[in-house]
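First the structure, in the form of structure tokens, and then the observations on it.
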Amino acid sequence: MPAAPMEAVLVWFRNDLRVHEHAALSAALADGRSVRAVYFLCEDQWDRHHVAPLRRWYVLESLRELGERLARFGVPLDIIKAGTFQAVAPLLGDYLSRHSVCKVFVGREYLRNELDRDRACAAVASSCGAEIQGFDHGVLVPPRLLTTGQGKPYTVFSPYRRSWQKWLDSHGPEPLPSAKRKRGARQVNFEGHLLIDAALAGLAIDPALTASWQAGEQAARGRLKAFVSTSLAGYQRQRDFPALSGTSMLSVALSAGTLSVAECWHLARVGLQQSAQREGAECWIGELAWRDFYRQIMANFPRLAVGEPFREETRFIQWSSDESLFQAWCEGRTGYPLVDAAQRQLVQTGWMHNRLRMVSAMFLTKNLFIDWRRGEQFFMRHLIDGDFAANNGGWQWSASTGTDAAPYFRVFSPVRQSQRFDPDGEFIRRYVPELAEMDNKWIHEPWKAPHPVAGYPSPVVDQAGVRDRVTAAFRAAREIMESQ
Ligand SMILES: Cc1cc2nc3c(=O)[nH]c(=O)nc-3n(C[C@H](O)[C@H](O)[C@H](O)COP(=O)(O)OP(=O)(O)OC[C@H]3O[C@@H](n4cnc5c(N)ncnc54)[C@H](O)[C@@H]3O)c2cc1C
């Protein structure tokens with residue numbers, strides 16, 4: 001009789017492309033059986049969700065690094081082209097049978113399509129006799145854990161943050177021991193290079209765009225360490241000034257999971273103990289709380305994943321359909337220098353500073369009165385860190401349609417924001433070369449300069465009266481809802 005194939009366990013990698021602080025991988029390596037790893041490449045799913053080519057490049061190159069690293073641990077990483085999430089369950093079933101997998105270790109995901117995929121996969125695994133064990137290693141606090149005194153999900157950030165902090169103080173994750181090769185496991189080859197090369201070739205991406213980014217876990221961890229040692233102390237003071245390198249720029253690493261949020265939190269907590277870093281660390285931990293906040297919002301209100309606003313009355317807002325205004329915003333030709341610099345930063349680098357994301361999103365939705373979903377999609381098409389929960393949360397905050405959103409009567413003045421956060425126009429000059437020689441006095445409002453600037457547009461809309469128009473539109477939307 002032929003010997004029964006040896007049973008294996010499987011780590012299914014998704015948006016957690018790392019080996020450090022990876023609870024599912026650690027658990028699999030601690031298991032006595034041989035370990036395999038799999039990644040399902042869903043390029044059609046990326047198309048459907050407008051995932052930026054730069055982000056795809058980041059994921060693919062990070063996968064390559066992960067594959068090589070796992071191979072050194074003796075864990076073969078198989079990359080399987082699935083196309084869409086719907087195709088994953090049968091492919092997983094086939095894989096489990098082919099490799100005699102009896103247990104799957106996986107990091108949980110909380111978005112609607114991901115949950116549908118995982119339900120289908122759980123059914124398939126069960127029919128193959130394999131168990132699935134999930135880990136919440138993509139967040140600090142699992143999404144459905146914290147509730148208000150009324151047992152409801154939090155929809156306001158400040159009380160969420162307090163409850164989040166309290167929970168972490170007593171239940172926060174301990175650092176995991178470094179992942180290492182299992183005793184007796186032999187190094188294997190990573191076979192995924194050709195598939196990755198083919199997927200990269202299909203991206204037709206400008207090398208200038210990728211040149212300033214480094215994919216993979218090693219680079220992400222290096223950046224974290226550099227940020228903590230050089231910028232964490234000044235984070236609170238510097239983080240709102242786009243001309244400075246005051247923030248971590250770790251969003252792509254956190255969203256693709258080349259870096260663990262737990263590792264960020266552990267290092268920031270060390271900063272809390274040092275007087276020079278305390279203020280910055282406290283503030284930065286708050287940003288990690290925003291990340292968890294929007295993830296729990298998505299998990300608790302799945303209707304947000306299909307384009308619905310959180311505030312129901314805002315479904316009735318009559319947004320402007322002025323295509324030329326939308327194009328001007330996309331191309332950074334609105335005539336408002338800070339907004340234009342922000343949009344050009346996004347298109348030229350694949351990233352935008354947080355202050356500018358708020359300014360630009362508010363400008364599109366309040367000044368131009370264009371539907372936030374169009375801006376949300378445009379951001380996804382360009383951002384290297386495009387992350388559905390954070391992007392949707394940020395857009396709905398700016399448009400005043402979301403949870404704990406900016407009140408609808410709050411409208412950032414693009415000129416005032418520019419004067420406050422880019423006082424010398426340093427950032428503007430970097431991305432709007434037409435204004436490079438402009439006197440500081442006019443850099444925020446070039447239309448007031450005694451001589452018009454060649455090649456730079458006049459403002460596409462007037463700032464006056466914006467608040468009244470927005471207020472009237474939100475009131476009208478409420479009246480429509482109440483009359484139904
Ligand atoms: C309209 C809009 C769209 C956005 N879209 C995205 C997106 O697609 N992906 C994304 O990761 N972030 C998004 N953000 C949040 C934020 O702008 C970025 O996370 C931040 O600019 C990334 O820079 P950093 O890594 O230097 O952040 P840091 O200031 O160093 O913050 C550390 C980490 O905290 C998290 N974080 C910080 N601010 C927020 C926030 N407001 N919401 C959720 N998480 C946060 C990020 O993971 C970030 O890397 C958006 C914000 C707005 C207003």
List every residue pair whose Cβ atoms lie under 6 Å apart, where the two residues are 6 or more positions apart in sequence or sit on different chains, the first residue falls within region 382-397 and is touching a residue at least 24 places away in the same chain (Cβ under 8 Å), and the second residue, located anywhere, is β-branched (Val, Ile, Thr) and in a helix (DSSP H, G or I).
-> His382/Val347; Ile384/Val252; Asp385/Val252
Looking across region 359-387 at residues that are among the hydrophobic types (A, V, I, L, M, F, W, C) and under 13 Å from the mean Cα position of the chain (by Cα), the single one that is farthest from the ligand (Cβ to nearest atom) is Ile384
Those residues of region 342-358 which are open to solvent by 10 Å² or more (accessible area, probe 1.4 Å), farther than 18 Å from Tyr58 by Cβ and within 9 Å of the ligand (Cβ to nearest atom) amount to Asn354, Arg355, Arg357, Met358
Check off (1) without any contact (Cβ under 8 Å) to a residue 24 or more places away in the chain; (2) touching a strand residue (DSSP E or B) at 6+ places or on another chain (Cβ under 8 Å); (3) among the polar types (S, T, N, Q) for Gln296 and give me the number that stays unchecked.
-> (1)
Tell me, yes or no, whether region 46-67 has at least one residue that is in contact (Cβ under 8 Å) with a residue 40 or more places away in the chain, part of a loop (DSSP other than H, G, I, E, B), assigned by TED's automatic domain parsing to the domain that holds Val19 and in contact with a helix residue (DSSP H, G or I) (Cβ under 6 Å, 6 or more places away or on another chain).
-> yes
Kindly establish whether Val432 is in contact with a helix residue (DSSP H, G or I) (Cβ under 9 Å, 6 or more places away or on another chain), open to solvent by 40 Å² or more (accessible area, probe 1.4 Å), at pLDDT 95 or above and farther than 28 Å from Ala299 by Cα.
-> no
Spot the failing condition for Glu445; the list is (1) over 21 Å from Leu368 (Cα atoms); (2) surrounded by 12 or more Cβ atoms within 10 Å (Cβ to Cβ); (3) not aromatic (Phe, Trp, Tyr), and only one is missed.
-> (1)
Out of region 248-261, which residues are buried (at least 24 other Cβ atoms within 10 Å of the Cβ) and either in a loop (DSSP other than H, G, I, E, B) or more than 8 Å from the ligand (Cβ to nearest atom) (or both)?
-> Ala256, Gly257, Thr258, Leu259, Ser260
Within region 32-55, the residues that are open to solvent by 30 Å² or more (accessible area, probe 1.4 Å) and of a type outside the set (A, V, I, L, M, F, W, C) are Gly32, Arg33, Ser34, Arg36, Glu43, Asp44, Asp47, Arg48, His49, His50, Pro53
Identify the single condition in (1) away from the ligand (no atom under 16 Å from the Cβ); (2) open to solvent by 40 Å² or more (accessible area, probe 1.4 Å) that Pro407 does not satisfy, given that it satisfies every other one.
-> (1)
Say we look at region 71-102 and pick out the residues that are in a helix (DSSP H, G or I) and in contact with a Phe, Trp or Tyr (Cβ under 7 Å, 6 or more places away or on another chain); which of these is most open to solvent (accessible area, probe 1.4 Å)?
-> Leu91
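The values are calculated or read from the model by the stated rules, or taken from the named source; none is laboratory data. All values reported here derive from a predicted model rather than from experimental measurement. Glycine gets a Cβ as well: all are built from the backbone with ideal geometry, and neighbour counts include every protein chain shown. The protein model used for the area step is the full one, side chains on, heavy atoms only, and it has no ligands, DNA or RNA in it. Shrake-Rupley method; radii C 1.70, N 1.55, O 1.52, S 1.80 Å.
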